[in-house]
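Below you'll find the structure, written out as structure tokens, and then a few comments.
The values are calculated or read from the model by the stated rules, or taken from the named source; none is laboratory data. Everything quoted here is computed from the prediction, not taken from an experiment. With ideal geometry, Cβ positions are generated from the backbone for all residues, glycine too; neighbour counts draw on all protein chains shown.
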Amino acid sequence: MNIDWKNYKPILIPAIKDLHKIDVYEKNGGYKALKKVLSGKSKMTPEEVVNEVKDANIRGRGGAGFNAGLKWSFMPKPDGGPRYLACNGDESEPGTFKDRKIFEYNPHSFIEGAIIAAYAMQIQTIYVYIRGEYRDFIDMMDVAISDAYKKGYLGKDILKSGFSVDMYTHMGAGAYICGEESSLMNSLEGKRGYPRVKPPFPAQKGLWGRPTTINNIETLANVPLVINNGAKWFKGIGAETHPGPVLYGISGHVNRPGVYEYPTGMLLTDLINEVAGGVPGGKKVKAVVPGGSSTPPLRGDSLDGVRMDADSLREAGSMMGTAGICVVDETVDMVDFTWRISGFYHHESCGQCTPCRDGTGWLEKTLDKIRRGDGEMRDIDLLYEICTKMEGRTICALADAAAWPVRYALDRFREDFEARCKKTVYALA
Amino acid sequence: MSKEYTFDKDDLKKIEEIKSRYPEVTPAVMPVLWLAQDKFGHVEPAVQKLVADTLGLPQAHVQGVASFYTQYYKKEKGKFVLDVCTSFSCQICGGYEILDHLENKLGIKAGETTEDGMFSIQSVECLGACGYAPMLQVTNDKYVNNLTTEKVDSLIENLKQGKMPEFESIPMPQHETES
Ligand SMILES: Cc1cc2nc3c(=O)[nH]c(=O)nc-3n(C[C@H](O)[C@H](O)[C@H](O)COP(=O)(O)O)c2cc1C
Ligand code: SF4
């Protein structure tokens, strides 16, 4: 696969001045997709929209990479009662800072995508859940939503199509777990953000017990592109099995950190060395976290040929996650790095499941012990054991997300851990 | 003596508008807690009671929600709360050095408040500004990015004079080269 990224021009967040303003967005083809769906000769049925989006294979940009249209098709037939779309702008996974670019620079692409999604699933109410720290971005979204109402793209009888939908922002208040879809629903319902046991899945029993779909902000922002240009065109961008443009958030030890839009399937080495300008001081890359803190870290010397798409990253032993790439140079001790990740998950565990509540604490404590020089070799085994006891045994995936980085850091950077551990001396009884 | 907290007419109007966004009353808890915190600076138990009474919900429910989310201040904090991110991108880009510098400068530790009630410092989890590390947030509001010790010093001076930092728009590098 060859991606001509040097000539790539952003399409999800194009470089157009003041694009966040609704007039500018409209002048540049904005809300054309919505008009195409709702009115005129091109009018599409909800099923047609679902099928087109399913065919385009927009894989969820919130972390799990699930085909958006396929998820939409799980919604049961309308029964006359309320149905909901919850848009996930919680953006709290360490290393992830990309949805905020949509809020700031192209909010209407997301709003338009969400309205089309609502039409496709026959939904009347859209909530946009945004982390409480993003106060400025929430204000920007509120302005954009109110402008969309004024222009008649939201509210009653949109573009005289008979279709009506409302959209509201909902401000989080500092809890990573609320990005998990069922926790997000509880939070929206005004409760503590405890994840729910699945099944039932949100499409069956979501917000207030009604059919609900949850999508990430960036996922929905791709929808107008698909409607305007067709699924076939969309599938021609980037990696075959994971197509489309994607916002790469590059942080850590690079010369030009930031959010970049390129096709999926970019070589990780191109992103680090060319796009982000390489590592300051010409230092070596020791580790790369490719898609947010939950995705297993890769070794810097194993990056050749690794591409940013689900298949390539799986083969390399990690995941695409949120495409938030953190580059770690050779000066960093992986014990310190892994300890801090564990601290995050310990702090953010909601505490419902014992393996997660206690496991995250044990991981952090044990790593801290090693970090302080009090660890023994058997503590490395203990860490593996804790991971095994956490994985796949809990209500939500936070426990797995906490265990994986530790397990793979131990596998791939064992020398750092051993260097800090004393030999275990077993007393002979 | 415990303070009396009340919502005025404008607040109540706003609360009615908030309630209208949801099919029932309970979901209004979070936005109304925010409204209360913006007004009173915290959501101590007396404020939680006000929120509960206003919405007609049990106080225990409001307390349960308030305590789950870190951004609600269940106890009064300093006038300016400095949330220093130390999650991994910030960790490896000097977040802890910024935290140390602040602790030394203000003579308090993370989690504490200065005696004059001006500043609190907290070490917090990822704030979604990873490419602009190290960074901090001032009282649940403005982000201050790409910190250096000098930048921290001038921030503190400005805050002492009551000057909040402004929103900083950080464009995508691709946009900068094009426009
Ligand atoms: C612990 C945890 C945290 C999550 N945080 C987020 C988040 O901040 N934003 C997000 O979009 N998805 C997050 N997700 C994924 C959501 O559960 C869900 O899969 C996603 O929002 C669906 O949207 P998508 O299919 O468009 O990606 C999280 C999942 C878990 C297990
Ligand atoms: S796995 Fe952890 S975060 Fe998820 S529900 Fe269980 S305790 Fe809560």
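Would you mention how many residues in region B:1-25 are within 14 Å of chain A (Cβ to nearest Cβ) and more than 21 Å from A:Ile138 (Cα to Cα)?
Summing the residues that are within 14 Å of chain A (Cβ to nearest Cβ) and more than 21 Å from A:Ile138 (Cα to Cα) in region B:1-25 gives 3.
Give region A:192-210 a look and list any residue that's within 26 Å of B:Ser87 (Cβ to Cβ) and either more than 12 Å from ligand 1 (Cβ to nearest atom) or among the aromatic types (Phe, Trp, Tyr) (or both), or say none.
A:Arg192, A:Tyr194
Select, from A:Leu303, A:Leu271, the only residue that is modelled with pLDDT of 95 or more and buried (at least 21 other Cβ atoms within 10 Å of the Cβ).
A:Leu271
Residue by residue through region A:11-56, note down the ones that are within 14 Å of chain B (Cβ to nearest Cβ) and within 20 Å of A:Gly236 (Cβ to Cβ).
A:Ile11, A:Leu12, A:Ile13, A:Pro14
This table checks each residue for (1) within 11 Å of ligand 1 (Cβ to nearest atom); (2) within 16 Å of A:Gly292 (Cβ to Cβ).
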position: A:Leu38; (1), (2): no, no
position: A:Asn57; (1), (2): no, no
position: A:Ala68; (1), (2): yes, no
position: A:Arg83; (1), (2): no, no
position: A:Asp90; (1), (2): yes, yes
position: A:Pro94; (1), (2): yes, yes
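Can you tell me how many residues within region A:339-365 are of a type in the set (D, E, K, R), under 22 Å from B:Ile92 (Cβ atoms) and within 13 Å of ligand 2 (Cβ to nearest atom)?
Number satisfying all stated conditions: 1.
Mind listing just one residue for me: the one in region A:59-109 that is of a type in the set (Gly, Ala, Ser) and on the phi > 0 side of the Ramachandran plot and, of those, nearest to the other protein chains (Cβ to nearest Cβ)?
A:Gly95
Starting from residues that are at positive phi and out of contact with any Cys (no Cβ under 7 Å at 6 or more places or on another chain), keep the ones in region A:245-273 and report whichever is nearest to the other protein chains (Cβ to nearest Cβ).
Checked region A:245-273; the qualifying residue nearest to the other protein chains (Cβ to nearest Cβ) is A:Gly258.
Give region B:22-33 a look and list any residue that's within 24 Å of the chain's Cα centre (by Cα) and free of Cβ contacts under 8 Å to residues at least 24 places away in the same chain, or say none. Spell out how you get there, then give the answer.
Step one: of region B:22-33, the residues within 24 Å of the chain's Cα centre (by Cα) are B:26-33.
Passing the criteria: B:Pro27, B:Pro31, B:Val32.
Taking the condition of being within 14 Å of another protein chain (Cβ to nearest Cβ) and farther than 29 Å from A:Ile16 by Cα, how many residues in region B:148-179 meet it?
Result for region B:148-179: 1.
Just need a number here: residues in region A:155-191 that are free of Cβ contacts under 8 Å to residues at least 24 places away in the same chain and under 25 Å from the mean Cα position of the chain (by Cα).
From region A:155-191, those free of Cβ contacts under 8 Å to residues at least 24 places away in the same chain are A:155-157, A:162, A:186, A:189-191; that's our starting set.
This time we only want the ones that are under 25 Å from the mean Cα position of the chain (by Cα), so: A:186, A:189-191.
Matching residues across region A:155-191 total 4.
Going by the conditions given, is A:Tyr260 free of Cβ contacts under 8 Å to residues at least 24 places away in the same chain and assigned to a strand (DSSP E or B)?
So A:Tyr260 passes the test.
Just name the residue that is farthest from the other protein chains (Cβ to nearest Cβ) out of those in region A:183-215 that are within 12 Å of ligand 2 (Cβ to nearest atom) and surrounded by 24 or more Cβ atoms within 10 Å (Cβ to Cβ).
For region A:183-215, the residue satisfying everything is A:Ser183.
Here is a list: A:Asp381, A:Asp368, A:Asp416. Which entry is without any contact (Cβ under 8 Å) to a residue 12 or more places away in the chain and away from ligand 2 (no atom under 13 Å from the Cβ)?
A:Asp381
Cβ-Cβ under 8 Å, sequence separation 6+ or interchain: first residue in region A:392-408 and more than 9 Å from ligand 1 (Cβ to nearest atom) and aromatic (Phe, Trp, Tyr), partner at pLDDT 95 or above and not in a loop (DSSP other than H, G, I, E, B). Which pairs?
A:Trp404/A:Cys387
What are the residues in region A:63-87 that are away from ligand 2 (no atom under 16 Å from the Cβ), touching a residue at least 12 places away in the same chain (Cβ under 8 Å) and within 18 Å of the chain's Cα centre (by Cα), if any? Explain how you work it out, then say what you get.
Within region A:63-87, the subset away from ligand 2 (no atom under 16 Å from the Cβ) is A:65-87.
Narrowing the set further to residues that are touching a residue at least 12 places away in the same chain (Cβ under 8 Å) leaves A:65, A:67-76, A:78, A:81-87.
The answer is A:Gly65, A:Asn67, A:Ala68, A:Gly69, A:Leu70, A:Lys71, A:Trp72, A:Leu85, A:Ala86, A:Cys87.
Scan region A:336-362 for residues that are over 21 Å from the mean Cα position of the chain (by Cα) and within 17 Å of A:Ile177 (Cβ to Cβ) and report the count.
11
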